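Okay, so here's the structure we're looking at.
Bear in mind that the values in this text are calculations on the coordinates, not laboratory data. Since the model is a prediction, treat every value here as computed from it, not as a measurement. Using ideal geometry, Cβ is built from the backbone for each residue, glycine included, and neighbour counts are taken over all protein chains shown.
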């Protein structure tokens, strides 16, 4: 297995060290940091960007510029602050990085970040979001010159 990308390792190390209460506080803080989607993406057909496995409506939009990925998410932050926080934290690790960084997210990422919070009903949707990000990263690699 390859080494964890440093930005992903930093997030995982931080969350491994947190108590349940600290994780909850971090999620509340990060929910407010999710970047809004640009107008140019808001007008697109949402079907290819929707994560159907998620209980909450979530649309994930990738953009590639100069070989680096940047993700945006359209999610109702007021109705789903946990989802918004999870995405904001994940994006802090992978945005403006090469696709390999996203592909380097380990299989236990969701469990490390969200474990112990009583959100097991949301776990399959969170894992599906990570898998969708990885799918976009693979597509970006396949389309690069």
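Values computed for the structure shown
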item: Length-normalised contact order of region 19-97 in % [C-alpha pairs under 8 Å, at least 6 apart]; result: 37 percent
item: Which of 143, 124, 80 has the fewest Cβ neighbours within 10 Å, and the rest in rising order; result: 143, 124, 80
item: Convex hull (Cα only) mean projected area of region 6-143, reported in nm² to one decimal; result: 7.9 nm²
item: Relative contact order, percent, the chain [alpha-carbon distance under 8 Å, six or more residues apart]; result: 32 percent
item: Value of [θ]222 nm, deg cm²/dmol, for the chain, DSSP H segments ≥ 4, -39500 (n - 2.57) each, nearest 500; result: -15000 deg cm²/dmol
item: Fully extended contour minus Cα-Cα distance, from residue 111 to residue 33, at 0.36 nm per residue; result: 25.9 nm
item: 59, 45, 74 arranged by Cβ crowding within 10 Å, fewest neighbours leading; result: 45, 74, 59
item: Packing-based exposure ordering (other Cβ within 10 Å, fewest first) of 83, 37; result: 37, 83
item: Computed label-point distance, nm, for sites residue 50 and residue 14 using a 7 Å Cα→Cβ extension; result: 3.2 nm
